[in-house]
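Peer 1: Structure below; questions to follow.
The values are calculated or read from the model by the stated rules, or taken from the named source; none is laboratory data. Predicted, not measured: the structure shown is a model, and the values here were computed from it. When we count neighbours, we look across all protein chains shown, and the Cβ atoms used for this are built from the backbone with ideal geometry, even at glycine.
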Amino acid sequence: MEPVLLKNEVSLQANGLVQMDPILYWNEVSLEANRVSHTNGKNEQTGPPLSSRALAIVHLAMYEAFARVSGNLDFYLEETDLPDPAPGASVDAAVAAAAHATLSSLFPSQKPFFDLKHAQAGLQQGPGLGKGHQFGLLVAQKILDIRKNDPGIGDDGYAASVARGAHRPDPDNPDQGFHAPFYGARSKLFAVTDRHELNPPPQPGSPGYTSALREVRGKGIKPELMGTLPQNSPRRTVEQTLIGVYWAYDGARNLGTPPRLYNQIVREVAVHRPNPGTGQPNTPEQNARLFALVNVAMADAGILAWDQKYIHDFWRPVLGIREHDTSMGPAGASNNDISNDCQPDWLPLGAPKTNSTDKNFTPNFPAYPSGHATFGAAAFHITRLFYGVAMGNRNPDTLFQDLAFVSEEHDGVSKDNKGTVRPRHVRNFPDGLWQMIVENGRSRVFLGVHWLFDAFTVSSGELDFTKNVGGVPLGIKIAEDICASGLKKSNVGPRA
């Protein structure tokens, strides 16, 4: 059988890593599963919460298989949750079986692809491999059983509020419905020890809200409407437009969701950055822990961000700007003196419908907090902690020094929704993963789909975490909680 290499496997093979690191190998397979699931129309694990949940299940199964067979890592599950592996069991075979089984359960339409990648994984027949394989299947089934009662993302039984400031469907996509209104409240956590909460966002009429409204009104507007802005309004720059699209991955065809993007970036760090403990590239054991941490943090980010979204139920800019005047919207009162901060015809640049001819859109769930900001902060900050950045550190780092990353939104292949191929853009981050956390959070303002405070608060030009507002503080809390507690199965159940 001729090998079929995924994009990142080519460079990994050149570095001799394909056969020796099963974690990187199966991580790439799982990211391909996410991409295909948003392309093949089967609707398996689509959208940010289910994407992060699926990636966490796969990586926890790999981690637990590796930990128990090698004996060199702490267990995620209780020691008595699984039998001991048979003496001589192969670590690689256990990891491969755990990954293959969980992927096949989560993405059944792609099982032939997983079968192919399992056959290409370089595993040879032998007693140790058979023992490892059987143990990996036990681990996979145990992890799947633990998560089998997780809620879905349907909106049956959910009714939107008509109150001023509450989330309702995008008026430019009025039939979009509501994504995962019950998922956060009804999900048990993966590894965090508390259902972390945020303070309410700035409310309409407050200075912080008005400042955020004016920023996103100017910097997030649809290009065709630029001429309708007030003369003194801030305008989106070329770089800001690029940043908005660069970080998008809004469930687009051939791209998938943000958890895939953040895994792609962490892979660059894992392959190119020396581990602080050894000064050498990560071993498979170290990657097993790193990618379990990253993906479990994002799974808990998906649960807690969606819980907070539907608790605060805060409207998106497309409603907030169009209905800013109190005379607007379903709860409006008569008034002919319209506020200058209201623009009834305003539309955003929008989350890009990459590789599609559909129009751009505002996501179909409440704005606060930003899922992008929460996922990105959780993934990148837990990576920072893994590489030795101190708990509580909110400063630039060197983890992407001399590295660059090409987003598949701007890879010279992906097309905008008018069919035009976007140019390839090579982007670097001299201030490391911290720079990525901030830029990723801000990017959604430049698309016009989020307020700045959905990511974080800025005071006197500096990030301000004292107010506990936005997805970045929430993601950081999640990362630090999981690192402090040691990647153990959470005992925190659903909120409702």
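Peer 1: Residues being charged (D, E, K, R) and crowded, with 16+ Cβ neighbours inside 10 Å: count how many of those fall in the stretch 192-213.
Peer 2: Residues meeting the conditions: 1.
Peer 1: Taking Phe446 and the conditions (1) without any contact (Cβ under 8 Å) to a residue 40 or more places away in the chain; (2) in contact with a Lys or Arg (Cβ under 6 Å, 6 or more places away or on another chain), which numbered condition does it fall short on, given that it satisfies the others?
Peer 2: (1)
Peer 1: Right, something else. Within the stretch 232-264, restricting attention to residues that are surrounded by fewer than 22 Cβ atoms within 10 Å (Cβ to Cβ) and among the hydroxyl-bearing types (Ser, Thr, Tyr), which residue is nearest to Ser37 (Cα to Cα)?
Peer 2: The extreme case among them is Thr241.
Peer 1: Quick check, is Asn282 within 23 Å of Tyr63 (Cβ to Cβ), assigned to a loop (DSSP other than H, G, I, E, B) and touching a Lys or Arg at 6+ places or on another chain (Cβ under 9 Å)?
Peer 2: yes
Peer 1: Mind listing whichever residues of the stretch 455-473 are aliphatic (A, V, I, L, M) and touching a residue at least 40 places away in the same chain (Cβ under 8 Å)?
Peer 2: Across the stretch 455-473, the qualifying residues are Ala455, Leu463, Val469, Val472.
Peer 1: If the requirement is being more than 22 Å from Tyr262 (Cβ to Cβ), of a type outside the set (Lys, Arg) and modelled with pLDDT of 95 or more, which of these qualifies: Ser90, Ser52?
Peer 2: Ser90
Peer 1: Write out, first by first residue and then by second, each pair whose Cβ atoms fall under 7 Å of each other, whose residues are 6+ apart or on separate chains, and whose first residue, in the stretch 339-364, is modelled with pLDDT of 95 or more while the second is among the aromatic types (Phe, Trp, Tyr).
Peer 2: Correct list of pairs: Gly350/Phe361; Ala351/Phe361; Lys353/Phe361; Asn364/Phe178.
Peer 1: Hey, another quick one. For the stretch 285-320, what are the residues that are charged (D, E, K, R), under 27 Å from Val29 (Cα atoms) and surrounded by 24 or more Cβ atoms within 10 Å (Cβ to Cβ)?
Peer 2: Asp300 - this is the single residue of the stretch 285-320 that is charged (D, E, K, R), under 27 Å from Val29 (Cα atoms) and surrounded by 24 or more Cβ atoms within 10 Å (Cβ to Cβ).
Peer 1: Among the residues of the stretch 459-473, is any within 21 Å of Thr237 (Cα to Cα) and over 22 Å from the mean Cα position of the chain (by Cα)?
Peer 2: yes
Peer 1: For the stretch 367-390, does any single residue satisfy the condition of being in a loop (DSSP other than H, G, I, E, B), aromatic (Phe, Trp, Tyr) and surrounded by fewer than 23 Cβ atoms within 10 Å (Cβ to Cβ)?
Peer 2: Yes, there is a match, as at least one residue in the stretch 367-390 is in a loop (DSSP other than H, G, I, E, B), aromatic (Phe, Trp, Tyr) and surrounded by fewer than 23 Cβ atoms within 10 Å (Cβ to Cβ).
Peer 1: Report, by residue number, each residue of the stretch 23-43 that is within 18 Å of the chain's Cα centre (by Cα), part of a helix (DSSP H, G or I) and among the β-branched types (Val, Ile, Thr).
Peer 2: Residues satisfying the conditions are Val29, Val36.
Peer 1: Across the stretch 392-433, what is the total count of residues that are surrounded by 13 or more Cβ atoms within 10 Å (Cβ to Cβ) and touching a residue at least 24 places away in the same chain (Cβ under 8 Å)?
Peer 2: Here the count works out to 24.
Peer 1: Restricting attention to the stretch 206-240, which residues are among the small types (Gly, Ala, Ser), part of a helix (DSSP H, G or I) and over 27 Å from Asn428 (Cα atoms)?
Peer 2: Gly208, Ser211, Ala212, Gly227
Peer 1: Can you find even one residue in the stretch 4-11 that is part of a helix (DSSP H, G or I), modelled with pLDDT of 95 or more, not hydrophobic (A, V, I, L, M, F, W, C) and not assigned by TED's automatic domain parsing to the domain that holds Glu408?
Peer 2: There is no residue in the stretch 4-11 that is part of a helix (DSSP H, G or I), modelled with pLDDT of 95 or more, not hydrophobic (A, V, I, L, M, F, W, C) and not assigned by TED's automatic domain parsing to the domain that holds Glu408.
Peer 1: Please find, within the stretch 49-74, the residue that is farthest from Phe190 (Cα to Cα) out of those that are touching a residue at least 12 places away in the same chain (Cβ under 8 Å) and outside any helix (DSSP H, G or I).
Peer 2: Filtering the stretch 49-74 for residues that are touching a residue at least 12 places away in the same chain (Cβ under 8 Å) and outside any helix (DSSP H, G or I), the one farthest from Phe190 (Cα to Cα) comes out as Asn72.
Peer 1: OK, next. In the stretch 442-477, how many residues are more than 20 Å from Val192 (Cα to Cα), small (Gly, Ala, Ser) and at pLDDT 95 or above?
Peer 2: 3
Peer 1: Of the conditions (1) surrounded by 21 or more Cβ atoms within 10 Å (Cβ to Cβ); (2) farther than 25 Å from His312 by Cβ, Leu229 fails just one. Which one is it?
Peer 2: Condition (1) is where Leu229 drops out.
Peer 1: Run Gly486 past the list (1) in contact with a helix residue (DSSP H, G or I) (Cβ under 6 Å, 6 or more places away or on another chain); (2) over 22 Å from Val245 (Cβ atoms); (3) at pLDDT 95 or above and report the number of the one that doesn't hold.
Peer 2: (1)
Peer 1: What number of residues within the stretch 457-496 are among the small types (Gly, Ala, Ser) and crowded, with 23+ Cβ neighbours inside 10 Å?
Peer 2: 4
Peer 1: While we're here: Tell me, yes or no, whether the stretch 146-161 has at least one residue that is surrounded by 13 or more Cβ atoms within 10 Å (Cβ to Cβ), at pLDDT 95 or above and among the hydroxyl-bearing types (Ser, Thr, Tyr).
Peer 2: Yes, the stretch 146-161 has at least one match.
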